Structures are given as structure tokens and as C-alpha cells.
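The values are calculated or read from the model by the stated rules, or taken from the named source; none is laboratory data. Since we're looking at a predicted model, the values are computed, not measured. Ideal geometry is used to build each Cβ from the backbone, glycine not excepted, and the neighbour counts take in all protein chains shown. Side chains are part of the model used for accessible areas, which takes the heavy atoms of the whole protein and leaves out ligands, DNA and RNA. Shrake-Rupley method; radii C 1.70, N 1.55, O 1.52, S 1.80 Å.
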Amino acid sequence: MTTPSFIYTSAPQRVVFGAGSLQHLAREIDALGARRALVLSTPEQRPQAERVADMLGAHAAGVFDRAVMHVPIETAREAREVAARLGADCAVAIGGGSTTGLGKAIALDSGLPILAIPTTYAGSEMTPIYGITEAGMKKTGKDFRVLPRTVIYDPELSLGLPVGMSVTSGINAIAHAAEGLYAVDSNPIMDLMAQEGIAALGRALPAIRATPKDPAARSDALYGAWLCGTVLGNVGMALHHKLCHTLGGSFNLPHAETHTIVLPHALAYNAGAAPEAMAKIAKALGGSGGAAQAVYDLARDNGAPVALRDIGMKEADLDLACEHALKNQYPNPRPLERAAIRALLQNAWEGVRP
Ligand code: NAD
């Protein structure tokens, strides 16, 4: 096989990985040249945010604990005001994609450097992509100002991530890598990271289900999340991410669960048009069958939902979801075909094995 032509650009970003690496927080804030950090979290993760603020001592400007899903513009404005009022010169986001997203909204406006401490596997910390919801519409964009300058991956912080969320968040990460393998702008580095990321999560998720506080499995999962998030940040996504964005945005479905349910069906849709990518996904998951089936089995066997009807999607809304998915053309290995995408949505709604 000859090496195809490619373009590869890397963005400067520092990653500190390892059990207990939160202990290096003060050093990392210092390395950013910052003196006063505003710590961001959801209300649920306030105790973790307070721990972080305690570790920073005089270098903590305060805690803002109002991060919520989809970054409402009002919350972003409030957080920006709090950061300015407290004289913060950086923000530390501890949590999942919603908290990182709030940090990004602050950085977009103010240029404040963000240090992210991810506690789920969503991968937002590795991307320059932001999303802000205004008047019920989530706008997304790409801007390197929002890319966290430093990321501390400490698997000890995800020991308490509930098993259900761990599995769906892990498959959310796999989705980034899977679509990265057939991206129109793929490159060999991202290919390697994608395969390694899928394999790490494929190993880790059943181990976490068996022993939720298994340090090795948690470490493996977070390592996989880093790799998959990097792929998301570097190459373009396709049908699967478009469908999930539509389902999450227009029908208010939960993010990680939606990814988990849709991915096998999106892969089945693209299987014939991207056979090499599918073989890599299936191999990374250790299966001898197809990629779509391997992902479905990973979800089902580890207790994750496999049907959109089980997470609040109405069958009557499938036609509208299909319309949204077809609205703007975007690169995808297989052309967007109305009847086949409608059938994909029906299968995902029913939860049939592809
Ligand atoms: P989330 O951040 O909304 O977290 C869900 C819940 O889990 C929250 O209540 C959170 O506090 C809690 N939680 C997080 N970590 C925990 C832990 N270790 N223990 C206990 N509870 C914990 O969920 P998510 O799936 O990480 O992120 C989803 C959001 O991120 C979506 O809005 C999505 O669009 C966005 N996202 C953006 C990008 C990007 O590149 N911009 C990438 C991925 C996801």
C-alpha cells in the first residue's frame, strides 16, 4: 500500500498524564504564567472544584460552579463577568465536556488561558471546537483561542464516574476515533491515535464494568479518551457526529447516550464506502466481525442503552431528524441518501443490532 498524500498540523498544547497528576496543578498554573485561577465545575462537582481551589491556595480567585450541558449564553456571560470581577488570569475547568465548554466560552471572549482537568471521556479538552446555546440554538465554531493550553489527566478523578456514564462516555470517545478513520482530511498520525484509542477503550470499558475503581482500567480509559479527543480536534467528523448534534440539539437527547446508540448504525451506513476504516475499528475492538456489530455489542454487553426510544426520542420525530441531517451537505464516505438515513434512524430508535 502506498502512503496517501496528507496535511498534518499540530497545535501547541501540554498534556500531563498519570495517576495522582493533579498534584502538579500549582506547577502547571505557574508554567502558564498565571497567578489567579477561576475554578469551574458543575454544581454536582463543586466538592472536586473546592479541592482544586484549596490546592491553589492564594492562587485561586474563586469557584464558579454553574456549568451545565450545552453552555447557555447567559451562563457564559455570567462566568465571564465573574472572571473579570475576580481578576482571574486563567480558568481551571474540572469536569466533563460541559465544564470544559464553559471554559472555552470564557476563553473565546477574553483570551484567558484554560487548564482542563477532564473527569469524563468526552474529549472536548483536546479540541479547538466550542459550542454556545443562544435562544435554543447551539452554535458551534472552531477557534484556537479556546483550545486548553494545558490538560491534566488524572485517572484517580474518574474513579467515581458512574459505570453507566463511563460506558457511554467511552463509546462517545470511540465515535471520534471511528469517524476520524474515514475523515476526508485524515492523516497517518491520527489513524494511529484512533486505532490505539479505540483499542484502549475497548479493553477498559468491560474492565470498568467489572471493577469500577480498577485503577489500571480507569487509566486505560482516560488514555483512550485523550487519543480519541485528539482525533476529534484534528480531523473532520461526518454523518455520525452530524446526526448526534441534530438529535441532541433539536430533541434534547443526552449527549453520550445518543452517541452510543447511533454509532453502530452510522458505521453500518458507511461500511461499504469505508471498508479499510471498518477493518481497523473491528480489529481494534478485537472482534472478527464488522465494526458496527462490535460497537453495538460493546454497548449492549456493558449495559448501555441501544435504542433511541429508551432515552426519550419520539418515533414521530424521526422524519424531522432525518430532514435536519440532510439539510447541509458535508463530507461523508457514503453520499447522504434520504431513504437510507431514515432507515438508519428507525433502526437506532428500535435498537436493532446492525
Ligand atoms: P457532562 O460534562 O455534561 O457531565 C455530565 C454529568 O456528569 C455532570 O453532572 C458532571 O458534573 C458529572 N460528572 C463528570 N465527571 C464526573 C465524575 N468523574 N464523577 C461523577 N460525576 C461526574 O458530560 P460529557 O459527556 O462529558 O460532556 C457533554 C458535553 O460536552 C456536550 O454538551 C457536548 O456537546 C460537549 N462536548 C464538546 C466537545 C468539543 O470538542 N467541543 C467534545 C465532546 C463533548
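Search the stretch 80-101 for residues being more than 7 Å from the ligand (Cβ to nearest atom) and part of a strand (DSSP E or B), and hand back the single one that is surrounded by the fewest Cβ atoms within 10 Å (Cβ to Cβ).
Cys90
Suppose we keep only residues that are free of Cβ contacts under 8 Å to residues at least 40 places away in the same chain and open to solvent by 80 Å² or more (accessible area, probe 1.4 Å) within the stretch 13-49. Which one would you say is farthest from Thr127 (Cα to Cα)?
This residue is Pro47.
Could you say whether any residue in the stretch 209-219 is over 15 Å from the mean Cα position of the chain (by Cα) and surrounded by 24 or more Cβ atoms within 10 Å (Cβ to Cβ)?
Among the residues of the stretch 209-219, at least one is over 15 Å from the mean Cα position of the chain (by Cα) and surrounded by 24 or more Cβ atoms within 10 Å (Cβ to Cβ), which makes the answer yes.
Does Met190 fit the bill of being over 22 Å from Val306 (Cβ atoms) and more than 14 Å from the ligand (Cβ to nearest atom)?
Working: over 22 Å from Val306 (Cβ atoms): yes; more than 14 Å from the ligand (Cβ to nearest atom): yes.
It is true that Met190 is over 22 Å from Val306 (Cβ atoms) and more than 14 Å from the ligand (Cβ to nearest atom).
Taking the stated definitions as given, is Ala173 away from the ligand (no atom under 12 Å from the Cβ), small (Gly, Ala, Ser) and buried (at least 22 other Cβ atoms within 10 Å of the Cβ)?
No.
Are any residues in the stretch 57-75 in contact with a strand residue (DSSP E or B) (Cβ under 6 Å, 6 or more places away or on another chain), among the β-branched types (Val, Ile, Thr) and not in a loop (DSSP other than H, G, I, E, B), and if so, which ones?
Listed by number, the residues that qualify are Val63, Ile73.
Mind telling me which of the residues Leu239, Leu247, Leu232, Leu263 ends up being within 21 Å of Asn347 (Cα to Cα), in contact (Cβ under 8 Å) with a residue 12 or more places away in the chain, within 13 Å of the ligand (Cβ to nearest atom) and crowded, with 24+ Cβ neighbours inside 10 Å? Break it down stepwise before answering.
Working: Leu239 fails: within 13 Å of the ligand (Cβ to nearest atom); Leu232 fails: within 21 Å of Asn347 (Cα to Cα); Leu263 fails: within 13 Å of the ligand (Cβ to nearest atom).
None of the others qualify; the one that does is Leu247.
A quick yes/no check of all residues on (1) open to solvent by 20 Å² or more (accessible area, probe 1.4 Å); (2) over 17 Å from Cys90 (Cβ atoms); (3) within 11 Å of the ligand (Cβ to nearest atom):
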{"position": "Gly103", "(1), (2), (3)": "no, no, yes"}
{"position": "Ile106", "(1), (2), (3)": "no, no, no"}
{"position": "Gly123", "(1), (2), (3)": "no, yes, yes"}
{"position": "Ile129", "(1), (2), (3)": "yes, yes, yes"}
{"position": "Pro148", "(1), (2), (3)": "no, no, yes"}
{"position": "Pro155", "(1), (2), (3)": "no, yes, yes"}
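Suppose we keep only residues that are among the polar types (S, T, N, Q) and more than 18 Å from Asn332 (Cβ to Cβ) within the stretch 235-254. Which one would you say is nearest to the chain's Cα centre (by Cα)?
Applying the first criterion (among the polar types (S, T, N, Q)) to the stretch 235-254 yields 246, 250, 252.
Narrowing further to those that are more than 18 Å from Asn332 (Cβ to Cβ): 250, 252.
Numbers: Ser250: 19, Asn252: 17 Å.
Ranking the qualifying residues of the stretch 235-254, first place goes to Asn252.
For the stretch 172-193, name all the residues that are in contact (Cβ under 8 Å) with a residue 12 or more places away in the chain, out of contact with any Asp or Glu (no Cβ under 9 Å at 6 or more places or on another chain), in a helix (DSSP H, G or I) and of a type in the set (A, V, I, L, M).
Ala173, Ile174, Ala175, Ala178, Ile189, Met190, Met193
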